[in-house]
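Taken together, the values in this text are just the output of simple stated rules run on the coordinates, not laboratory data. Note that this is a predicted model, so its numbers are computed, not measured. Counting neighbours? That spans all protein chains shown, and the Cβs are built from the backbone with ideal geometry, glycine included.
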Amino acid sequence: MWRTVADMPRKITTQTSAEVFRVKRIEAGLSVHELADLSGIQAKTLYQIEAGNHQHPRMSTVRAVAEALGIPHTELLVDEVA
């Protein structure tokens, strides 16, 4: 079982993890606070992920956010390339 995003296989993209989290949240039409309420993850944590301060969030966080967004958790997992 993977504990962090760094441990899990990811798709390769030019987007950062922070950008992917933010884009998926916006596509769902949710504010950070709404996503926090739906996912059970603190808004502060979500803001930090979207700001790029948490480059490898816990898998439990990724799964909770993905479930709240109604998407597979793998859509939030990326390998960043320069």
Scanning region 28-52 residue by residue, those of a type outside the set (Ser, Thr, Tyr) and without any contact (Cβ under 8 Å) to a residue 24 or more places away in the chain turn out to be 29, 32, 33, 34, 36, 37, 42, 43, 44, 48
Reported set for region 29-76 where residues are over 19 Å from residue 16 (Cβ atoms) and among the hydrophobic types (A, V, I, L, M, F, W, C) is 30, 36, 38, 43, 64, 68
